[in-house]
Structure formats: C-alpha cells, structure tokens
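**Q** Would you mind keeping the following structure in view while I ask a few things?
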Amino acid sequence: MKKTIGLLVVLAVVFVPIFLFIHFAHSNTNSVSAAFLNYPEDSNASHANYYLDAGALVDAVESTHPLFELGEIPLSYEETKDQYLTYTLNDMTLHCFYLATEKYLASLGDGHMGLGDNGNRYIDIGWYAQNNTLYLLDANGLPSDEFVTRIGGVDVTKIMKQVDTFHSAENDTAKQTNYIYFCGQADMLTLSGVAVGDSVEISTNKRDFAAQMILSGGAARQYTKDYDVKTQAIGDVFYIDLGSFVSDTAANDIANVIRNARDKGTTEFIVDVRDNPGGYIQEGEKLLNALGMSAPRYGVYICDSALYRQQPRDQVDSRFFDLECAPQLDMARQNSQIHLVVLTDANTFSAATMFAVYVQDGKLGTVVGQPSSNAPTCYSAIVNYQMPVSGLTVPISTCKFYRPDVSADQQTMTPDVVVPYGEDALQKALEILQSE
C-alpha cells in the first residue's frame with residue numbers, strides 16, 4: 001500500500017506540473033491569439049498549421065531588411081512578432097494566416113512590404129480622407145462637407161485604428177490614403193466588428209444610407225494605368241505619361257523620342273508620374289539624360305544578405321552592387337534651355353517618387369500635384385520571398401535609400417506647387433509653363 005501511495009505521489013509530482021504547463025500555455029496561446037487577430041474562422045474552409053512559414057518569414061525578414069542592422073527597429077515590432085509566432089501555433093485558414101502576416105509586416109513601417117489585395121470586397125462608395133476624416137465625394141468628384149461617422153454601426157475611428165494596425169504608413173499622405181482604400185474593405189470592417197453582408201449601413205453627419213459591397217473596385221487601391229508610356233503634344237508642350245519605370249525598352253524608346261523633340265526645338269516638357277507604382281529608377285535617369293540633365297545621387301545602405309545576393313544583377317543599379325554611399329546633391333546638372341514639370345499624387349510611389357525627388361532636389365524643374373505616400377528617404381529594392389507551406393509571396397526590402405538633399409523633408413515629398421485633390425494638376429502645369 002505504501003509503495004502504491006508513493007508511486008502515486010511521484011507520478012503527481014512529475015505529471016501535474018506538465019499538465020499545468022500545457023494547460024496554461026494553451027490558455028495563453030488562445031488569449032494571445034484572440035488579442036492578435038479576432039477574426040471569425042470559416043469552418044468550411046480547410047485549416048492548416050503555418051507556424052513553419054511564420055518562423056521562416058521572421059528569419060528571412062530579420063536577416064534581409066536593413067532596419068535591423070541600422071538599429072531602426074520600430075517600438076511595436078518585437079511584441080507584434082512574438083504575438084504573430086504564438087498565434088500561428090494554431091491551425092487556421094489560409095485567409096487568417098494572410099491577415100496575421102499582414103499585421104506582422106505592418107509593424108515594420110515599410111510601405112514596400114505587404115501582401116497586396118487577396119480578392120477582398122469593398123464598399124462601393126467614393127470618399128476622400130483628410131485629417132483622419134472620410135469626406136464623401138460630390139457629383140464632380142470633389143470632397144463635400146458630408147463626412148462618415150459610422151460604418152455598420154461601428155465608429156469610423158475604430159475602423160481607422162484597424163487600418164493603422166494592418167497597413168503601414170510612411171507619412172501622413174500614406175495614412176490618409178490607407179483610410180481611403182481600406183476603411184471600406186471587408187477584412188478591416190470585419191476585424192472592427194462590422195457585420196458585412198451584401199451591403200452595409202453608412203452614417204454621416206447628415207444622413208444614413210445603405211452602400212453595396214462589391215468585389216474589388218469601389219475605393220479599393222488600384223493602379224489604373226495599363227501601359228508603360230504615352231506621349232502627346234499639347235501645343236508647344238511635350239507631355240509624357242509614365243505608367244511605370246519597369247520597361248527598359250520603353251525607357252530607351254521615350255528617351256529617343258525626347259531627343260527628337262528637342263532636335264525639333266521643343267523646350268517644354270511635362271512628365272506625369274501620377275498613379276505610378278515605380279520600378280527601376282535607372283529608367284527615370286535615362287529620361288533626365290535625354291533632357292540634357294543629370295540627377296543627384298541618392299545615398300544607399302545595403303543589407304548584404306543571402307536574399308539580396310540572389311537578385312538578378314540587371315535589376316540592381318550597378319552603382320550599388322557592393323558599396324554603401326552617401327547622398328550626393330552636387331551630382332545634379334540642370335539644363336537652362338529646358339522647362340520641366342513633373343506631376344505627382346498620393347499614388348506616386350517608389351522609383352516614381354525618387355524621380356520627382358531628383359527633379360526637386362536637383363532643381364531640374366518644378367514638381368506639381370499632391371504629396372507622395374512614399375517617403376523620400378525609405379527602405380526599398382525588394383526581393384520576393386515565398387513561404388514554403390502557404391505559398392504566399394512576401395516582398396522584403398534589402399536597402400535603405402537616403403534623399404539627396406539631406407536638409408529637405410525626409411518623410412514627405414511635398415510638390416513645389418500643391419494642387420488640391422480633385423483639381424486638374426495637368427492644367428496647372430500648363431499654366432506654369434505658359435508663364436515661364
């Protein structure tokens with residue numbers, strides 16, 4: 001009998017702490033999970049465990065992104081990372097893992113890093129965000145004095161807080177732009193407690209009405225240009241509309257067109273990089289060279305990681321292969337015979353922002369339009385990392401670029417002439433050239 005009691009005591013001493021540890025660890029995991037991502041699971045969807053993806057992604061990010069070597073880790077990063085790794089210990093749908101990964105990436109504060117749209121639905125509505133307020137657009141596409149207070153009965157500030165958590169913003173323009181695109185997104189609405197159906201109730205300072213939910217479209221973020229470049233003669237002005245900075249062939253062709261136009265006596269040029277997601281800034285430098293100008297040099301810091309070294313060398317500026325360099329503003333060369341205007345808006349991004357910064361910092365021309373949502377000094381030069389289990393592809397920045405003019409605003413590229421939202425920036429550019 002004594003032996004039996006002794007054996008029971010030993011078993012209790014050994015297994016009770018283990019049971020308690022597992023119980024409390026599981027409870028803690030559930031608690032962290034609910035706090036990290038309170039999103040209803042679809043019981044009909046297939047579930048899987050993506051913890052291997054989460055761990056591999058964190059390793060890839062921390063060994064590749066320059067902010068870790070530079071000691072620029074955001075305050076919220078470590079806590080968000082720990083919650084992400086804990087949350088992904090659970091089985092979940094791919095959609096929930098997608099959202100969890102978006103939240104983790106947003107904690108880096110890098111506008112180049114995100115998973116992009118995943119076939120979401122959006123409120124079919126037109127609005128504009130300014131000073132953390134969503135103003136409805138009038139029949140002319142201009143902001144009215146009617147603003148949104150609640151969506152689906154939920155205060156709009158709560159929805160904006162979710163957007164801030166899941167989508168990084170490098171400056172206030174990016175923050176307001178995120179509100180335009182994501183305050184009407186089904187995922188952000190659901191996370192905020194909105195019951196999303198075929199329509200949602202919109203409450204404003206003036207009325208209540210129902211708005212339909214549609215697949216994409218609406219206020220969803222979409223780059224609308226489906227071309228590399230278009231050109232047009234507007235009187236004596238040569239207008240160049242750039243859809244991206246991706247095509248080397250298009251850049252060479254337009255450079256030749258610019259030289260031909262100059263040979264025929266054209267001296268006034270407008271380069272439109274509104275709604276331009278970027279690409280390779282070398283293509284922009286070719287355009288400036290064709291105008292008889294030279295760009296100042298961005299400074300750069302490279303995180304020389306394994307992922308960075310896997311980039312095709314034709315996609316990396318040859319000046320940045322194996323070095324760290326400081327900004328060089330004095331490399332800019334103006335052409336007094338050319339009058340250049342560059343058009344920008346909130347969707348001017350990455351290499352398109354850099355192009356506008358070249359012109360502004362180097363005093364090569366005049367920038368007209370709206371501020372860019374991409375900071376002039378930023379992380380960029382992404383490499384794509386594919387997670388092995390989910391198959392999701394994540395862009396990871398490998399470099400930090402420093403604005404050529406170190407005395408200028410490093411966070412926001414504000415045009416020399418700001419044109420209010422909804423007004424015609426192209427017409428303003430033509431007026432500026434006519435007055436010169």
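The values are calculated or read from the model by the stated rules, or taken from the named source; none is laboratory data. Predicted model only: the values in this text are computed from it and were never measured. Neighbour counts are summed over all protein chains in view; Cβ atoms, including those assigned to glycine, are modelled from backbone coordinates with ideal geometry.
**Q** Looking at the range 78-94 only, could you name the residues that are surrounded by fewer than 16 Cβ atoms within 10 Å (Cβ to Cβ) and in contact with a helix residue (DSSP H, G or I) (Cβ under 9 Å, 6 or more places away or on another chain)?
**A** ASP82
**Q** Of the residues LEU52, LEU99, LEU75, which single one is surrounded by fewer than 18 Cβ atoms within 10 Å (Cβ to Cβ), of a type in the set (A, V, I, L, M, F, W, C) and either in contact (Cβ under 8 Å) with a residue 12 or more places away in the chain or assigned by TED's automatic domain parsing to the domain that holds LEU392 (or both)? Please lay out each step first, then the result.
**A** Working: LEU99 fails: surrounded by fewer than 18 Cβ atoms within 10 Å (Cβ to Cβ); LEU75 fails: either in contact (Cβ under 8 Å) with a residue 12 or more places away in the chain or assigned by TED's automatic domain parsing to the domain that holds LEU392 (or both).
Answer to the check: LEU52.
**Q** Test ARG121 against the stated conditions and say whether it is in contact (Cβ under 8 Å) with a residue 24 or more places away in the chain, over 30 Å from HIS65 (Cβ atoms) and crowded, with 20+ Cβ neighbours inside 10 Å. Give the derivation first.
**A** Values: in contact (Cβ under 8 Å) with a residue 24 or more places away in the chain: yes; over 30 Å from HIS65 (Cβ atoms): yes; crowded, with 20+ Cβ neighbours inside 10 Å: yes.
Spelling it out, ARG121 is indeed in contact (Cβ under 8 Å) with a residue 24 or more places away in the chain, over 30 Å from HIS65 (Cβ atoms) and crowded, with 20+ Cβ neighbours inside 10 Å.
**Q** Can you tell me which of (1) under 18 Å from TYR181 (Cα atoms); (2) of a type outside the set (Val, Ile, Thr); (3) out of contact with any Pro (no Cβ under 7 Å at 6 or more places or on another chain); (4) in a loop (DSSP other than H, G, I, E, B) is the one GLN212 doesn't meet?
**A** Answer for GLN212: the failing condition is (4).
**Q** Let me ask another. Among strands (runs of 3 or more DSSP E) lying entirely in the range 106-151, which contain 1 or more residues that are more than 22 Å from the chain's Cα centre (by Cα) and within 19 Å of ARG207 (Cβ to Cβ)?
**A** Details: elements: 121-123, 127-130, 133-137, 143-151.
Hits in the range 106-151: 133-137, 143-151.
**Q** I would also like to ask the following. Of (1) under 21 Å from TYR402 (Cβ atoms); (2) at pLDDT 95 or above; (3) outside any helix (DSSP H, G or I); (4) touching a strand residue (DSSP E or B) at 6+ places or on another chain (Cβ under 8 Å), LEU340 satisfies all except one. Which?
**A** Result: LEU340 fails condition (1) only.
**Q** Go through (1) outside any loop (DSSP other than H, G, I, E, B); (2) farther than 22 Å from ALA169 by Cα; (3) touching a residue at least 24 places away in the same chain (Cβ under 8 Å) for PRO388 and report which single condition fails.
**A** Failing condition for PRO388: (1).
**Q** Out of GLN185, GLN176, GLN162, GLN232, report the one residue that is out of contact with any Pro (no Cβ under 7 Å at 6 or more places or on another chain), in contact (Cβ under 8 Å) with a residue 12 or more places away in the chain and more than 21 Å from PRO40 (Cβ to Cβ).
**A** On the way: GLN185 fails: more than 21 Å from PRO40 (Cβ to Cβ); GLN162 fails: more than 21 Å from PRO40 (Cβ to Cβ); GLN232 fails: in contact (Cβ under 8 Å) with a residue 12 or more places away in the chain.
When all the criteria are applied, what remains is GLN176.
**Q** Looking at the range 384-429 only, could you name the residues that are surrounded by fewer than 19 Cβ atoms within 10 Å (Cβ to Cβ), among the aliphatic types (A, V, I, L, M) and more than 30 Å from LEU94 (Cα to Cα)?
**A** VAL406, ALA408, VAL417, VAL418
**Q** Output the residue which, of all residues in the range 182-240 that are basic (Lys, Arg) and under 21 Å from TYR135 (Cβ atoms), is modelled with the lowest pLDDT.
**A** Start the filter on the range 182-240 by keeping residues that are basic (Lys, Arg), which leaves 206-207, 221, 225, 230.
After this cut, where a residue has to be under 21 Å from TYR135 (Cβ atoms) as well, the list is 206-207, 221.
Details: LYS206: 97, ARG207: 97, ARG221: 56.
Per the stated criteria, the residue is ARG221.
**Q** State which residue is modelled with the highest pLDDT when the search covers only the range 263-308 and only residues that are polar (S, T, N, Q) and in a helix (DSSP H, G or I). It would help to see each step written out before you state the result.
**A** First, pick out the residues of the range 263-308 that are polar (S, T, N, Q): 266-267, 276, 282, 289, 294, 305.
With in a helix (DSSP H, G or I) added as a condition, the list becomes 282, 289.
Values: GLN282: 89, ASN289: 96.
That would be ASN289.
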